Amino acid sequence: MESESETDCLVRYGLMGHVGWFAVADELVEEGLGRGDSVVLRTSRGLELGEILIEPGAKSPGSSGRVGEDSIGRFRV
């Protein structure tokens, strides 16, 4: 298990503009990730480029957060 703490952010990624919740290590949040920033993501398809839509730690009305895990583990920035 990982000892670092995490928070979630909403990211648009891939050529088709998929949107999903991704885990972000708190040390990256401290560096100032914000809306519109470009990030590299690990998804079930491998590494992909994305754009942050809702910054880490921000609450969005009606959001339920990250769905969970896929076949290779948690999605993360």
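The values are calculated or read from the model by the stated rules, or taken from the named source; none is laboratory data. Just so you know, these numbers come straight off a predicted model, no measurement behind them. Note that each Cβ is placed from the backbone with ideal geometry, even for glycine, and that neighbours are counted across all protein chains shown.
Quick notes
- Residues in the range 9-33 that are at pLDDT 85 or above and loosely packed, with under 12 Cβ neighbours inside 10 Å: 15, 16, 17.
- Taking each residue of the range 8-36 that is in contact (Cβ under 8 Å) with a residue 60 or more places away in the chain and looking for partners that are part of a loop (DSSP other than H, G, I, E, B) and surrounded by 14 or more Cβ atoms within 10 Å (Cβ to Cβ) with beta-carbon atoms closer than 8 Å, six or more apart or interchain, yields 9/33; 9/55; 9/56; 9/58; 9/77; 11/77.
- Leading residue by the ranking (modelled with the lowest pLDDT) among those in the range 37-77 that are loosely packed, with under 13 Cβ neighbours inside 10 Å and of a type in the set (Val, Ile, Thr): 72
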